[in-house]
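Q: What follows is a single structure, and I will ask about it in a moment.
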Amino acid sequence: MTKSVKNKNGSEEFTISLEFATEKPNLSGDWMNFFLLMLLYIIQGFPKGFAIGFSIILQSKKLVNYEDQAALSIALWPQWMKILWAPIVDASYIQWIGRRKCWLLLLQSFMGSMMIFMAKNIDDWLPETGKPNLKMLTTIIFIINILSATQDIVVDGWALTMLKKKNVSYCSTCNIIGIITGMFVSSICFVLLVSEDFSNKYFQITPGAGGLITIKTFIYTWGIFILIITLLIGVFKKEKNVKLEENYVKLNVVQNYKLLWKILKLSRVRILAVALITMRIGYISMENTVSNLKLIDAGISKDDMMMVGVLNYAISLSTPFFTSKYITSSKPMSYYLKIMPFKLLWAITYAALIYLTPNLIRKNEVIDVPIYYYVILGSIIFINEIMSVLMMLLVFSLFCRISDPRFGGTYMTLFNTLYFLGYLVSNTVVLKLIAIFTFSECSNEMNNNCSTADLKNLCKTIEGNCEVYIDGYYTIIVLNMVIGFIWYIVFRKTLIEYESLNQSQWLINVKQYKTTKLNDNRSISL
């Protein structure tokens with residue numbers, strides 16, 4: 001079924017298909033594409049988890065502080081910078097290879113090669129003893145994330161046409177399951193497999209023999225894996241000819257940037273952008289990076305945190321299968337808004353647990369974590385993770401519904417960038433603010449506030465300890481909750497109104513252009 005949408009003058013602007021609106025999702029005949037998309041998202045998720053894994057390893061070795069962690073978190077910033085080059089990726093391609101496939105082969109080949117290059121040098125950049133080469137590690141992870149971010153543009157655009165139109169809402173499921181799996185392997189599995197303490201405790205490996213595998217082996221193996229998958233896709237997967245797609249239109253790079261600018265100027269998109277960038281501020285302190293670092297500081301070993309994290313990822317992977325009726329519904333943001341107040345209040349449980357952890361796990365100044373502590377920690381993470389994953393799926397479901405598949409790379413990248421930008425900026429700022437709002441003093445000299453590295457070293461020279469008397473984490477978590485509830489009040493009515501609009505209404509307000517026929521295809525006059 002199709003519908004012609006006309007502009008104010010009555011002339012036809014474009015024609016849209018309403019097939020997905022009338023047919024129920026059914027993956028019959030689409031399973032191979034479903035699993036391929038999931039595999040591509042796994043590769044995309046690897047660099048994100050990789051940065052988290054390195055962050056945890058460095059923190060456990062006590063070789064970096066929170067400011068260094070904030071610097072390392074910049075390696076993930078290409079995930080929101082990708083909108084700057086998304087129109088180029090969407091408009092430029094080699095037709096005989098495939099609009100998305102030609103980019104995918106190039107990007108994943110470079111990604112695998114960079115992983116192999118990193119593996120060859122990792123022993124020098126991250127030595128067993130001594131200060132790591134944080135600058136080089138951050139640079140390489142940053143480059144890998146640029147490649148991953150660009151691959152995200154390609155895969156998001158391909159997902160809208162690879163699956164049948166009635167199954168487009170499953171793109172968010174492929175996205176979440178794939179990225180979470182990639183992050184699980186490159187963070188949880190990475191940290192545990194290279195950990196000597198983990199191998200000694202659970203596999204009775206001789207102390208001093210190192211982990212089950214080395215960091216070098218792990219990185220090298222993934223580099224080879226990415227190259228093999230890329231080769232198989234190049235040989236066996238064919239992409240649909242874009243010229244045969246319904247309502248095919250061809251934009252050059254300049255027109256694509258004009259289209260992007262035109263979208264960004266629309267009041268509805270600007271309001272949605274503000275909502276997406278700020279929606280995670282309220283509960284960012286419960287996200288993995290901040291909460292895990294605080295628990296490690298409180299005395300929980302990184303290996304124990306990773307074992308608890310296995311539960312975390314297991315929940316993340318299973319949640320989409322049990323919540324598909326909400327994800328594919330026509331009111332995803334209504335469900336999101338119902339969950340959000342509970343999510344914000346759940347921060348209280350995190351703050352209480354972190355505050356009580358030192359007393360719960362120590363006996364006579366010796367760390368001895370009781371079983372009931374893991375039960376409490378696992379329960380808190382279980383509930384939090386279900387809410388987090390479901391909320392993310394609902395937001396991505398909205399993106400899939402309102403994005404035009406003809407320019408899918410640009411549209412999906414715009415919405416994903418705005419959403420991910422909110423996480424990255426909030427995460428980096430929170431890490432900085434925790435350091436700023438944390439106040440310490442030297443136990444042997446009250447006038448030394450331990451605010452700089454030199455003052456901390458001076459305290460150590462007089463055999464003192466920098467003792468925290470105000471922990472900035474608790475200040476920030478309260479501030480985040482307040483901001484979160486303000487966000488809820490401000491945007492609730494608007495988001496419900498936006499999701500109530502049908503597809504054609506979104507297209508009228510988001511895609512205001514008219515098409516003109518050229519000799520060989522259709523082009524756009526902006």
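Q: May I ask you to verify whether Asn200 is farther than 22 Å from Met118 by Cβ and open to solvent by less than 30 Å² (accessible area, probe 1.4 Å)? Show your work before the answer.
A: Working: farther than 22 Å from Met118 by Cβ: yes; open to solvent by less than 30 Å² (accessible area, probe 1.4 Å): no.
For Asn200, the condition - farther than 22 Å from Met118 by Cβ and open to solvent by less than 30 Å² (accessible area, probe 1.4 Å) - is not met.
Q: Spot the failing condition for Glu467; the list is (1) touching a strand residue (DSSP E or B) at 6+ places or on another chain (Cβ under 7 Å); (2) surrounded by 21 or more Cβ atoms within 10 Å (Cβ to Cβ); (3) not in a loop (DSSP other than H, G, I, E, B), and only one is missed.
A: (2)
Q: For region 72-102, which residues satisfy the criterion of being open to solvent by 60 Å² or more (accessible area, probe 1.4 Å), in a helix (DSSP H, G or I) and at pLDDT 80 or above?
A: The answer is Leu84, Ile88.
Q: Could we say that Ile339 is among the β-branched types (Val, Ile, Thr) and touching a Leu at 6+ places or on another chain (Cβ under 7 Å) here?
A: Details: among the β-branched types (Val, Ile, Thr): yes; touching a Leu at 6+ places or on another chain (Cβ under 7 Å): yes.
Against the criterion (among the β-branched types (Val, Ile, Thr) and touching a Leu at 6+ places or on another chain (Cβ under 7 Å)), Ile339 qualifies.
Q: What residue, of Ile462, Ile386, Ile434, is loosely packed, with under 15 Cβ neighbours inside 10 Å and among the hydrophobic types (A, V, I, L, M, F, W, C)?
A: Values: Ile386 fails: loosely packed, with under 15 Cβ neighbours inside 10 Å; Ile434 fails: loosely packed, with under 15 Cβ neighbours inside 10 Å.
From the options Ile462, Ile386, Ile434, the qualifying one is Ile462.
Q: If you don't mind, another one. Do any helices (runs of 4 or more DSSP H) entirely within region 115-211 hold 2 or more residues that are polar (S, T, N, Q), and if so, which?
A: Values: elements: 134-162, 171-183, 190-193, 196-203.
Hits in region 115-211: 134-162, 171-183, 196-203.
Q: Failed condition for Phe420, given (1) part of a helix (DSSP H, G or I); (2) surrounded by fewer than 20 Cβ atoms within 10 Å (Cβ to Cβ); (3) of a type outside the set (Ser, Thr, Tyr); (4) touching a residue at least 24 places away in the same chain (Cβ under 8 Å), with all others met?
A: (2)
Q: Do we have Ser440 as over 30 Å from Val168 (Cβ atoms), of a type outside the set (Asp, Glu) and part of a strand (DSSP E or B) here?
A: Numbers: over 30 Å from Val168 (Cβ atoms): yes; of a type outside the set (Asp, Glu): yes; part of a strand (DSSP E or B): yes.
Here the answer is yes, as Ser440 does meet what is asked.
The values are calculated or read from the model by the stated rules, or taken from the named source; none is laboratory data. It should be emphasised that the depicted structure is a prediction, and the values quoted were computed from it without experimental measurement. Please note: Cβ atoms are built from the backbone with ideal geometry, for glycine as well, and neighbour counts cover all protein chains shown. What goes into the accessible areas is simple: the full protein's heavy atoms, side chains included, and nothing from ligands, DNA or RNA. Shrake-Rupley method; radii C 1.70, N 1.55, O 1.52, S 1.80 Å.
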